Amino acid sequence: MRIIQIVPSLAYGDAIGNDVLALDSAIKRRNFSAKIYAEGVDPRFSSVLAQNIKNYVPEKDDLVILHVGAAARTNEWIKTLSCKKIMVYHNITPASFFSGYNKVCEHYNDEGIRQLKELKDTFDMVLAVSDFNKQDLIDMGYTCEINVLPIVIPFDDYKKEPSQSVLRKYDDDYTNVLFLGRIAPNKKHEDVIQAFDFYQKNYNAKSRLFLVGNPKGCENYCEQLKEFTKRLGTKNVVFTGHTKFDEILAYYKLSDLFLCMSEHEGFCVPLVEAMYFNIPILAYASSAIPCTLGGSGFLLKDKNPAVAGSLINKILTDSELKNIILRNQQERLSDFDDKKIESLFWSYIQKFIKN
């Protein structure tokens, strides 16, 4: 039996791509024949590891694992296969978030949701990366077995050397608040800015906000955020734009608190990254965020900027509270150990194969 992973695009360094590669390595360690196929493959990957989907020749005893996180031709094509099929569901952001910002993204995400609904009777099993995603599929009418398998995160990568130029640039006595994620409307950067603005003006003028993320596709939203920052009069808000990996590591190293106000996440890898770098997390309790935090961090039930800004100050000045948050985050971080997730993955696969 071959285990074939299929993904719309195998990109270098993104969360879904990392998950695909980690599962590929796990499969090969169990001496199964494994291959990755994609509609688009980053040229930095060798053809031995991954090939264009056009090169895939199905065999009847294949086990095909399709990763779904966007609209794709593979979401339609998968229905033609007669072999056993598993979906890994990473979530698709509702199109409504992009209304007025990007018509292409709005259409693309709407199409992705339509495809997802039509796939409800296609798979023998689904692996959802969070309980939130699992419920998403149940609400769409999925009746096959659905299990939760968190994204595999390559923690060894975070041991690499951070950008020294970024570290030197911000080597001062400022308090640094961080949010990391694509500049996109569902992430609600404006709510991060408002909360930080309250904190800066009422508690700590020597503070800085890092908004680390690529605005590609949502440039107009990014410009609106910059104008909003000017109107508020908030100081020291840094929009990094496209950021290299060593620079991302540096921003984590520099930061004192991670603030997330996103309204839609299927998992939210940066939350786990913040745990790894031992940064206290303050986050709005939406979508998969409570699932990923798993009782750790500090969850906000609403978005009152005065409450959020005051809590930033409370967490950073109350050492007892901060230490409790950090202890809980380190405990939760252990649940994302790659060996644990690989073991969980194989427990699902072995059960599936036996059936």
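Here are a few things to note about the model shown:
- Using a probe radius of 1.4 angstrom, the carbon and sulfur fraction of the accessible surface of the chain is 48%.
- For segment 113-231: rounded, prolate or oblate by the Cα gyration tensor [a/c cutoff 1.5]: prolate
- Helix axis angle, 103-118 relative to the chain longest principal axis, alpha carbon, degrees: 40 degrees
- A straight line joining the Cα centroids of segment 262-325 and segment 1-61 runs 34 Å.
- Shape call, segment 34-157: gyration tensor on alpha carbons, a/c limit 1.5: rounded
- Protein heavy-atom accessible surface, 1.4 Å probe, per residue over the chain: 45 Å².
- Using the average count of surrounding beta-carbon atoms within 10 Å as a protection proxy, the listed peptides 88-100, 260-272 rank, highest first, as 260-272, 88-100.
- If you sort the three axes of the alpha carbon gyration tensor as a ≥ b ≥ c, you get a/c under 1.5 for segment 222-331, which makes it rounded.
- Most to least packed among 120-133, 27-40 [average Cβ atoms within 10 Å]: 120-133, 27-40
- Spatially proximal lysines relative to residue 54 (Cα-Cα < 28 Å; intrachain offsets below 8 disregarded): 28, 35, 79, 84, 85, 117, 120
- Relative contact order of segment 75-215, taken over Cα pairs closer than 8 Å and 6 or more residues apart, is 21 percent.
- Once C-alpha pairs closer than 8 Å and six or more residues apart are averaged by separation and normalised to the residue number of the chain, the relative contact order reads 14 percent.
- Computed from Cα positions, the angle between helix 305-317 and the longest principal axis of the chain comes to roughly 80 degrees.
- Relative packing of 50-57, 309-316, 66-73, which averages over residues the other C-beta atoms within 10 Å, highest first: 66-73, 309-316, 50-57
The values are calculated or read from the model by the stated rules, or taken from the named source; none is laboratory data. Just so we're clear, the structure is a prediction, and the values are computed from it rather than from any experiment. Because the Cβ atoms are built from the backbone with ideal geometry, glycine has one as well, and the counts that use them run over all protein chains shown. These accessible areas exclude ligands, DNA and RNA; they are computed on the full protein's heavy atoms, side chains included. Shrake-Rupley method; radii C 1.70, N 1.55, O 1.52, S 1.80 Å.
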